[in-house]
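For reference, the structure is listed below as structure tokens.
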Amino acid sequence: MAELGQHEGAQDLEKKIEETRQRFNSEFVQDSTDKYDSRDVERLQTDDALVEGYLTWRIYVVEDALKMIDESLQWRKEYGVNEITEGTIPRWMFETGAVYLHGYDKEGNKIFWFKVKLHVKDAKTILDKKKYVAFWLERYAKKEPGMPLTVVFDMAESGLSNIDMEFVKYIINCFKVFYPKLLSKMIIVDMPWIMNAAWKIVKSWLGPEAISKLKFASKSEVQTFIGPEYLPPHMGGTDPFKYSYPPLPDDDFKTPICENGPIVSEDETESKEGEMESRDALESSFNSEVAVKPKKVNFLEDSVKAEDNDRGDTSARTRGARKPLTTFKGPLLDVSPAEELSFGSGETEKKCLIILSNVTKNQVAFKVRTTAPEKYRVKPSSSCCEPGASVDIVVSLHGGSQASPQDRFLVMAAEMDNAGSQELAQFWKEVPKAKIMEHRLRCHVLECVKPTASPLRDSPVDTGSSGHHDLDTALMRMMNCNSRLEQKLNTCLWVQKVLMVLVLVLVMLNLQCLYLLATAQRPS
């Protein structure tokens, strides 16, 4: 029955998507072909997730979704969003560091920072500032489709002069209309009391569909949403990140660690080769025999040798690794799993398998990068895949490390036309960026098994399966519970004292009555 209900729900959604497209073509596009960018109209006709996003944000009311699509596509053409690049934005805006992407919250969502103290209201630059925000949102939406953002307004050292209500309303509209479902939550940190009135107006702009996403937090409370590793020191965090430009700060992927330790970068490899050549030349001047230079092996030979060496232990490497169940169909490689690697706390849950399948007629070079190279070992992290063949990549947690939803992996692949004569390091230096396929995978932390019976099940501290509960939140709840228990205990003690007083009064009255009776019965 559940499967039947899901099937019917999927069919209803498909009908809604098709109805939205047909009505948009007949009611909006035919009236005026100059209102929208043709690329946006074409994307609306082919991207089901985009239409679903508008429908979801408007609670599946087609009429409301159409108005939202119309407003959104007009905005995209007016601001030239499809043409916005790093080069079209004034350099000084990047240099201020007022807006940027960096780090992840505890749910694994990218953080979009607004340093409010760096914003100054200026009518001459407001259009460029709006395009600057659009640049970051469009860049992220293309890099991480379907992944929401957490917006943080850092209000530290800000005042009324930094509040630009027109600009704030524009930011609200970006998430409310132009980029549906992109907003995870909006956190206002350390807001001065003098700005309360302004933010009451902002809350009215959000509307009921987004008001629940607005969070006001102090410096201590913000750690409920973001871990200290991604918070600046003035918020009580330990993140050493300091914004500078160039380059753009949101490329967090780094070289992972293989089973033999950190992988040496291409530049370090070249420098070591130069040192070896110099050392060989020096030794040859002291020895009677001429030292023979080590042969420089090309990438094809190297990969063949690696295959021979690894053939025997492939099954041992992949044993115990979690097998992927979903597949992403790429232009060069099919990647399994399609979206996320699942890790848990048990020993059998610390290995995952990535399977790459070559769907081209040429050899494809690949490499795997991660945002947390100190945690993970990847083998092989860089190699090639023959036409029609598959490669198993084992990703394992290093030592006592724990996976986190903030961790990401990037699979990069490029077709090799002349594989026999190319070295891998040189190939990656020369291959044009436009020819590189990129696919991102996020980490999923498996839920702990809930105990069958627990003496603390009535406790306000949640001992359930969620791995995202913050320790500070649990402690605060425990403290609140203790406070309530203490209040009840004090009440009980007060009642006990009152009862004791009443008992003493009754005893005194009884004694007095006995005395009066004894006095009355005494003979005169």
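The values are calculated or read from the model by the stated rules, or taken from the named source; none is laboratory data. Keep in mind the model is a prediction, meaning the values are calculated, not measured. A quick note on method: Cβ atoms are made from the backbone with ideal geometry, for glycine too, and the neighbour counts reach across all protein chains shown. Heavy atoms of the whole protein, side chains included, go into the accessibility calculation; ligands, DNA and RNA do not. Shrake-Rupley method; radii C 1.70, N 1.55, O 1.52, S 1.80 Å.
Computed values, structure above
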| item | result |
| --- | --- |
| Scan of the stretch 397-409 for residues that are touching a residue at least 24 places away in the same chain (Cβ under 8 Å) and either in contact with a Gly (Cβ under 9 Å, 6 or more places away or on another chain) or part of a loop (DSSP other than H, G, I, E, B) (or both), ordered by number | His398, Ser401, Gln402, Ala403, Ser404, Pro405, Gln406, Asp407, Arg408 |
| Meets criteria (more than 23 Å from the chain's Cα centre (by Cα), under 17 Å from Leu353 (Cα atoms), at pLDDT 85 or above and open to solvent by less than 30 Å² (accessible area, probe 1.4 Å)) for Val395 | no |
| Selected residue [over 14 Å from Phe175 (Cα atoms), out of contact with any Ser or Thr (no Cβ under 7 Å at 6 or more places or on another chain), not acidic (Asp, Glu) and not assigned by the TED database to the domain that holds Ser184] from Lys142, Lys77, Lys124 | Lys77 |
| Residue in the stretch 113-127 that is most open to solvent (accessible area, probe 1.4 Å), counting only those that are farther than 21 Å from Leu231 by Cα and outside any helix (DSSP H, G or I) | Lys124 |
| Helices (runs of 4 or more DSSP H) wholly inside the stretch 1-75 that include at least 1 residues being modelled with pLDDT of 85 or more and over 20 Å from Leu182 (Cβ atoms) | 2-24, 38-46 |
| Unmet requirement for Ala434, which otherwise passes all of (1) of a type in the set (A, V, I, L, M, F, W, C); (2) open to solvent by less than 70 Å² (accessible area, probe 1.4 Å); (3) part of a helix (DSSP H, G or I) | (2) |
| Gln426 vs. criteria surrounded by fewer than 20 Cβ atoms within 10 Å (Cβ to Cβ) and not in a loop (DSSP other than H, G, I, E, B) | yes |
| Total residues in the stretch 91-124, condition over 22 Å from Ser161 (Cα atoms) and among the charged types (D, E, K, R) | 5 |
| Residue match in the stretch 128-138 (condition: over 30 Å from Gly227 (Cβ atoms) and either at pLDDT below 90 or touching a Pro at 6+ places or on another chain (Cβ under 6 Å) (or both)) | yes |
| Residue ID - surrounded by the most Cβ atoms within 10 Å (Cβ to Cβ), chosen from residues in the stretch 338-392 that are hydrophobic (A, V, I, L, M, F, W, C) and assigned to a loop (DSSP other than H, G, I, E, B) | Ala372 |
| Some residue of the stretch 89-112 being in a loop (DSSP other than H, G, I, E, B) and under 13 Å from Tyr243 (Cβ atoms) | yes |
| One residue from Glu78, Glu52 being acidic (Asp, Glu) and surrounded by fewer than 14 Cβ atoms within 10 Å (Cβ to Cβ) | Glu78 |
| Residue selected from the stretch 152-177 under the condition in a strand (DSSP E or B) and touching a residue at least 40 places away in the same chain (Cβ under 8 Å), by the criterion farthest from Ile226 (Cα to Cα) | Asp154 |
